[in-house]
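S.K.: First the structure, then my questions, so here it is.
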DNA sequence: GATGTCCATAACGAAACATTATCACCGGCA
DNA sequence: TGCCGGTGATAATGTTTCGTTATGGACATC
């Protein structure tokens, strides 16, 4: 069997109440139903989430790791409903643009300026997604176009067109006072002692770019410092002086003063690409490409 | 009835295939089952998601708005399973720290430096959450402490302690060449003509801080430019010169050179707070508070 | 108007899910 | 030691969900 939202709701309630009976009260159902839902959930996952322990319950390691994501899933389902309701109320006409991490901000600014000029008054929504989701949304018309970063152009289904906008050096961000910060260039092996902060988003935004991809391609083993959710936080941790980060060079424009960027000599440039669905017109794309010519 | 993951899977398949039969094939079930699931889903939501249109299907407005979130929900459930499995394999010992948007990066850097010193070698995970989720995770021990920003201290249940770290001016970020960019201070009414870029995350991270909160408290109606997912993108759009953004003043340290910050004179300072669960020790908190004394 | 495609509906069996009643376990306590 | 209150699990049972196959009806194309 598969997991269900019902099961997740039960698990979250039990985890928070530390008590099957109270969880059942909160959910407005009888206690055995909670027991059964949790058993079904554990069976589906093939793991024990809570330790039944005479007096109340205790989360297992797996349960503790599962819990925040279970909450995320429930919250996400609520958001889905709200989004649908908002659309029903006629809140529409938003232009959605996809974005994967690693796109240099100033490059995005150039594009957005162009879009805003082409469609004055439109409400814009820039949505960070995995490349696969961007393609799916382009295909179903939910998204107008997407900007993505990676070493090699993503393979996309025929109707989606890929245009290269830029190719720029990948760099390592270090604290200003770091011994390696004055170097002109660096190579990965020289960074073996560093601890890296990466964008986690729990693999939602897994990309061929960044540390994971580099490690996979070069065999370099990066030590981890922290996982964070966005570039701003990533740079904040580099600013602690305790961590490094791999980022496109031009991100240095948006970094705190005490963070230095050193190009990675042994890495191929990061290519920024524009994806759009050829079937759906996108008259702006001509302009977009004109202003954003490859470096 | 409630919505189910099964229903969401069916809807996504139908939306992507634009065809009930192919969707059924992909899901490995019979076509009527797909029809029924979709009917149940639509009944639960009380909205029409797809228009059955003789030849194939077409998404409604509501369906198009619902679709990306449905995908998010499914992805999130997959992540939950992966997180549980990772914990089963013994990948543990991570220190999780909560963060709500609006916390000045350098303030976070100070804290993280302290944490890293106190627990050398620990894997750190900085997780952006809503304040409610942070409290829930503090309560169940999944999170060690959380840093949050807002005008008023959050109301939290007794065992969770709140300590104020800083109070700093709220500012509006404008392009360097904007007529108002040279002012010493600004007030909200002076910004009535601006279009703002806000952090959306589709209200996951809805906060009393930021535009929504300010508007609610002052009656100011902000015009919208775009909704984005993180501060980096937000600043990139301010750099287009077409949009403003409301941010804590010290975020200017991390902004591109062509973005100027002007303090908002009619807004109370944004307070940064540290939340932790008193029952669970947290010996570091003494140090944290010592180094991060209120400004 | 015959035909094919597509989705909806009907009918029905199996699995899921809820209920109430009861059991088994454990900790405290006289 | 043996009883007790409180915990979660289990049993028995009815309802709903959810899948199946078979069939119907709408709407294109030719």
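No lab work stands behind these numbers, since they all come straight from the coordinates. Predicted model only: the values in this text are computed from it and were never measured. Here the Cβ positions follow ideal geometry from the backbone for every residue, glycine too, while neighbour counts run over all protein chains shown.
S.K.: Working carefully through the options B:21, B:28, find the one that is more than 9 Å from DNA strand D (Cβ to nearest atom) and surrounded by fewer than 16 Cβ atoms within 10 Å (Cβ to Cβ).
M.R.: It is B:21.
S.K.: To continue, here is another question. Find the residue count for the stretch A:1-45, including only residues that are part of a helix (DSSP H, G or I), near DNA strand C (Cβ under 8 Å from one of its atoms) and within 29 Å of the chain's Cα centre (by Cα).
M.R.: Qualifying residue count for the region: 3.
S.K.: Next question. Can you tell which of B:99, B:59, B:79, B:8 is within 16 Å of DNA strand D (Cβ to nearest atom) and buried (at least 19 other Cβ atoms within 10 Å of the Cβ)?
M.R.: Unique residue meeting the criteria: B:8.
S.K.: For the stretch A:46-72, which positions are more than 9 Å from chain B (Cβ to nearest Cβ) and not in a loop (DSSP other than H, G, I, E, B)?
M.R.: If the condition is that a residue be more than 9 Å from chain B (Cβ to nearest Cβ) and not in a loop (DSSP other than H, G, I, E, B), then A:50, A:51, A:52, A:57, A:58 are the ones that fit.
S.K.: Sticking with this structure for a sec: Looking only at strands (runs of 3 or more DSSP E) that fall completely inside the stretch B:106-176, which ones have 1 or more residues that are touching a strand residue (DSSP E or B) at 6+ places or on another chain (Cβ under 6 Å) and under 28 Å from residue B:84 (Cβ atoms)?
M.R.: B:123-128, B:145-150, B:160-168
S.K.: I'd like the full set of residues that are over 20 Å from residue A:136 (Cα atoms) and more than 9 Å from DNA strand D (Cβ to nearest atom), limited to the stretch B:31-42.
M.R.: Result: B:39, B:42.
S.K.: Hey, among the residues in the stretch A:222-249 that are surrounded by fewer than 21 Cβ atoms within 10 Å (Cβ to Cβ) and touching a residue at least 60 places away in the same chain (Cβ under 8 Å), which one's nearest to residue B:106 (Cα to Cα)?
M.R.: The selected residue is A:241.
S.K.: Let me ask you something else. What do you reckon, is residue A:258 in contact (Cβ under 8 Å) with a residue 24 or more places away in the chain and in contact with a strand residue (DSSP E or B) (Cβ under 7 Å, 6 or more places away or on another chain)?
M.R.: Judged against the criteria, residue A:258 is a match.
S.K.: Counting only residues that are under 12 Å from the mean Cα position of the chain (by Cα) and more than 9 Å from chain A (Cβ to nearest Cβ), which one in the stretch B:102-131 is nearest to residue B:270 (Cα to Cα)?
M.R.: My answer is B:102.
S.K.: To continue, here is another question. Does any residue of the stretch B:90-101 turn out to be in a helix (DSSP H, G or I), at the interface with chain A (Cβ under 7 Å from one of its Cβ atoms) and over 15 Å from residue B:128 (Cβ atoms)?
M.R.: no
Residue-wise test of (1) touching a strand residue (DSSP E or B) at 6+ places or on another chain (Cβ under 6 Å); (2) within 16 Å of DNA strand C (Cβ to nearest atom); (3) more than 23 Å from residue A:89 (Cβ to Cβ).
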{"site": "B:49", "(1), (2), (3)": "no, yes, no"}
{"site": "B:64", "(1), (2), (3)": "no, no, no"}
{"site": "B:70", "(1), (2), (3)": "no, no, no"}
{"site": "B:77", "(1), (2), (3)": "no, yes, yes"}
{"site": "B:90", "(1), (2), (3)": "no, no, yes"}
{"site": "B:94", "(1), (2), (3)": "yes, no, yes"}
